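To start, the structure itself, in structure tokens.
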Amino acid sequence: MSEPTLALKGIAKSYNPGAPNEVRVLQGVDLQVEPGEVVALVAPSGAGKSTLLHIAGLLDAPDEGEILLGGTVMTGLNDARRTAARRNDIGFIYQFHHLLPEFTAAENIVLPQLVKGIGRSAAQQRAEELLSAVGIAERADHRPAALSGGEQQRVAFCRALANAPRLLLADEPTGNLDPATSDQVFDTLMKLVRSTGLSGLIATHNLELASRMDRQIRLDAGVLLPL
């Protein structure tokens, strides 16, 4: 039996620990995301879902608990090893696309591959394939300012998948789009995820979008519960 792509065990996180204004954001969170599974994380603003995603993505450290990727313990790794894991194994998507404005759509997808050590020709081919998969191959040479909001977010999806990660973490990936565009872009994201077979933990306020994922969980008072 294969190991979970992501396993969180007893994750706790507080801000201002020990102070009178201590805020306990996560309290003993346990979560497994299986290979090929896409999990919806539903929580109101301020409930700690971004903190949970940052911990799962090795961008923040928990006060207590363990993080495992593919059965390998990530907790306590040095900066270099955490950086390598983020680069090679984890793709991130945020509510805002955060594309580099001076580079074209294709270049924004090529750059993380070059950082990983992939050759420019192969990286360019991968970028073209991903842009084609999301239906905007003809926009490859356009800079972000010349793209619509939906197109920019599609490029951000491609960038997150450029290095073929095993885990996708997304924080309100369609939250900055109008409802019609949000629905279309989410469909594109799910097709990409299904076609590549990676696992996903996707935070969203949108219950309809959440219902289209494999499993739904909610963050309530620092604890994960079934939706």
Considering only DSSP beta bridges whose two residues both sit in the chain, what percent are antiparallel, to the nearest 5? 50
Averaged over all viewing directions, the convex hull of the alpha carbons in the range 140-227 casts a projected area in nm² of 6.6
When the Karplus curve 6.51 cos²θ - 1.76 cosθ + 1.60 is applied with θ = phi - 60°, which whole-Hz ³J(HN,Hα) does each residue of the range 160-173 get, with x for Gly and Pro? 5, 9, 4, 9, 6, x, 8, 9, 10, 10, 10, 10, 6, x
Spatial separation of Cα centroids for the range 1-72 and the range 165-227, in angstrom: 16
Placing one identical point scatterer on every Cα of the chain and ignoring solvent, what is log10 I(q)/I(0) from the Debye formula at q = 0.18 Å⁻¹? -1.35
Could you work out the Rg to Rh ratio of the range 1-45, with Rh taken as the Kirkwood radius (inverse of the mean 1/r over all Cα pairs)? 1.13
Cβ-Cβ FRET estimate between Asn21 and Thr196, R0 fixed at 45 Å, reported to 0.05: 0.55
For the range 78-85, what does the Karplus curve 6.51 cos²θ - 1.76 cosθ + 1.60, with θ = phi - 60°, yield as ³J(HN,Hα) per residue in whole Hz, taken in order and with x for Gly and Pro? 6, 4, 5, 6, 5, 4, 5, 5
Leaving ligands, DNA and RNA out of it, rank His205, His54 by accessible area with a 1.4 Å probe, largest first. His205, His54
Working from the pairwise distances between different alpha carbons, so that the mean of 1/r is found and then inverted, what is the range 1-93's Kirkwood radius in Å? 14.0
Just the number, please: percent antiparallel of the DSSP beta bridges in the range 96-227, rounded to the nearest 5. 45
Heavy-atom accessible area order for Leu111, Leu167, largest first, 1.4 Å probe: Leu111, Leu167
Cut-off under 25 Å on the C-alpha distance; same-chain residues fewer than 8 positions from Lys49 excluded. Which lysines are left, in chain and number order? Lys9, Lys13, Lys191
How large is the accessible surface per residue of the range 145-197, computed with a 1.4 Å probe and reported in Å² as a whole number? 37
If you count only protein heavy atoms and use a 1.4 Å probe, how large is the accessible surface of Arg139, to the nearest 10 Å²? 50
Of Phe92, Phe186, ordered by accessible area with the largest first and a 1.4 Å probe, the sequence is Phe92, Phe186
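The values are calculated or read from the model by the stated rules, or taken from the named source; none is laboratory data. As the structure is a prediction and not an experimental result, all values here were calculated from the model. Cβ coordinates were reconstructed from backbone atoms using ideal geometry, including for glycine residues, and neighbour counts include every protein chain displayed. In case anyone asks, the SASA skips ligands and DNA or RNA and just uses the protein heavy atoms, side chains included. Shrake-Rupley method; radii C 1.70, N 1.55, O 1.52, S 1.80 Å.
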